[in-house]
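S.K.: Got a structure for you, questions after.
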Amino acid sequence: MAFIVSPSKSASNRRDFLTSLPSHLIIEILSRLPAKSLVQCKSVCKQWLDLTSDPYLAKLHFTRSKPGVAIHQSEPSKNLLRVADFDDFHAPTAEIDLKSLTPSPDVAVDGSVKGLLLLRDANYKREALYVCNPLTREYIELASPNQAARYPSIVTHGFGVTNSSEEFKIVRIYQEREIDPRNGSCLRIPNSECQIYTLGTGEWRAVCERSNQFAYDGRLIGQFFRGNLHWIIEDLNGNDLISAFDLDNEAFHPFPAPFPGRKLLGSVGVLDDCLCLCDNTSNFEVDIWVMKEYGIGKSWSKRFVIRKMPELIGPSFEIVRVLKVLGDGNILLVWADYCVLNYCSKSEVTQEVEMLQSRGPNSVEAMHYVPSLMSLKSFVREKVVKF
């Protein structure tokens, strides 16, 4: 006699079998799932909901998470933040309309560390900073900084985590400037302050490390790498350097750029576990330099020379950032937070990548992102809000 088992009963049996497993085996299984699938597992049963909220599972899953990308698109009608895999931009792991965070359309992504994003309301009238986890759909609004930005002052931020104690820190550099009315250049920096916000403390504090010996570019954010935040800076003699801020010791230390004595238009990034610099000084190409030995100025080496698309050839004042080198050798670049470019190293052809299903007229930001289930509720002195 044949027995026919209904699909619903079969699925129920499989679910009952999985939920009957010991917790440590369930955690091992869940930790190997893609982030999107793991989020969906929260609704299976209360046991799995509790397990997916376990900090141990969050840490274990993060070590196995596939690196992806955080994409922010600003349009008149919406302000979308998506996280997705590099091989499928149109099937996001999570999607959030940032209008639930702030009505301002001027939101920027200023950092990505261990699954957390630093968001900034870029409106000069209201300088607000947020830390969010797109996967858990949680965010924290940071306390207001001690000094508000007013033109012609500049503000730049960095977001990282300490090596020693895994404290998450936001660094804010504020500089007042005297501007030459003839050409708009900076004549003097009468006041400069470095402030730090450690997540979980609920407050900013000033660091007694002097930062007024160097001029920072407000368009650049601090690149986190090996426990340090990095910026391109200009010294009092007009020379460009790399500034590294040690998050453990809370101290700055500069080191040389690839070509001392020459001005550059670039940004600092990370490429193949090396610090890199993307330079857009040339009219015809973008140069990518890699520091093979971290902190050693003589170890800079030109890794790629990328020809510009015809419509981008000519004098430029735009910042270009390296996003990722893909498995096929192609390179993804972010052009001025306006579009994403794909450079084919074999054909030496650069093309625009459509990151979202519909391109808006305003901006597209893209940043390296690794999914994490870490809850912001672990920062006990912070007010955590759900999207």
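The values are calculated or read from the model by the stated rules, or taken from the named source; none is laboratory data. Remember, it's a predicted structure, so these values are computed and weren't measured experimentally. Ideal geometry is used to build each Cβ from the backbone, glycine not excepted, and the neighbour counts take in all protein chains shown.
S.K.: Give me the residue from the stretch 211-234 that is part of a loop (DSSP other than H, G, I, E, B), farther than 25 Å from E293 by Cβ and touching a residue at least 24 places away in the same chain (Cβ under 8 Å) and, out of that set, farthest from the chain's Cα centre (by Cα).
M.R.: Result: N212.
S.K.: So, one more: Which one of N249, N237, N283 is outside any strand (DSSP E or B), under 27 Å from L326 (Cβ atoms) and among the polar types (S, T, N, Q)?
M.R.: N283
S.K.: So, one more: Quick check: is even one residue across the stretch 370-382 in the same structural domain as G200 (by TED's automatic domain parsing) and in a strand (DSSP E or B)?
M.R.: no
S.K.: Sticking with this one: Would you confirm whether any residue within the stretch 111-130 is in contact with an Asp or Glu (Cβ under 9 Å, 6 or more places away or on another chain) and β-branched (V, I, T)?
M.R.: Checked against the condition, which is being in contact with an Asp or Glu (Cβ under 9 Å, 6 or more places away or on another chain) and β-branched (V, I, T), the stretch 111-130 yields no hits at all.
S.K.: A follow-up question, please. Between residues in the stretch 190-205 that are under 16 Å from I154 (Cα atoms) and free of Cβ contacts under 8 Å to residues at least 60 places away in the same chain and residues that are buried (at least 19 other Cβ atoms within 10 Å of the Cβ) and of a type in the set (G, A, S), which pairs lie under 8 Å by C-beta distance while being six or more apart or on different chains?
M.R.: Sorted first by the residue in the stretch 190-205, then by its partner, the pairs are S192/S211; E193/S211; C194/S211.
S.K.: Can you spot a residue in the stretch 92-112 that is in contact with a Gly (Cβ under 9 Å, 6 or more places away or on another chain) and more than 21 Å from Q40 (Cα to Cα)?
M.R.: Yes, there is a match, as at least one residue in the stretch 92-112 is in contact with a Gly (Cβ under 9 Å, 6 or more places away or on another chain) and more than 21 Å from Q40 (Cα to Cα).
S.K.: Is it the case that some residue within the stretch 230-240 is at pLDDT 95 or above and either more than 19 Å from I319 (Cα to Cα) or charged (D, E, K, R) (or both)?
M.R.: Within the stretch 230-240 (the criterion being at pLDDT 95 or above and either more than 19 Å from I319 (Cα to Cα) or charged (D, E, K, R) (or both)), the answer is no, since none of the residues qualifies.
S.K.: Turning to a different aspect of this structure: Return the residue satisfying two criteria in turn: it lies in the stretch 302-321 and is touching a residue at least 40 places away in the same chain (Cβ under 8 Å) and assigned to a strand (DSSP E or B), and of such residues it is surrounded by the most Cβ atoms within 10 Å (Cβ to Cβ).
M.R.: R321
S.K.: Looking at Q351 and the list (1) farther than 17 Å from D85 by Cα; (2) at pLDDT below 90; (3) not in a strand (DSSP E or B), which single condition is not satisfied?
M.R.: With respect to (1) farther than 17 Å from D85 by Cα; (2) at pLDDT below 90; (3) not in a strand (DSSP E or B), Q351 is out only on (3).
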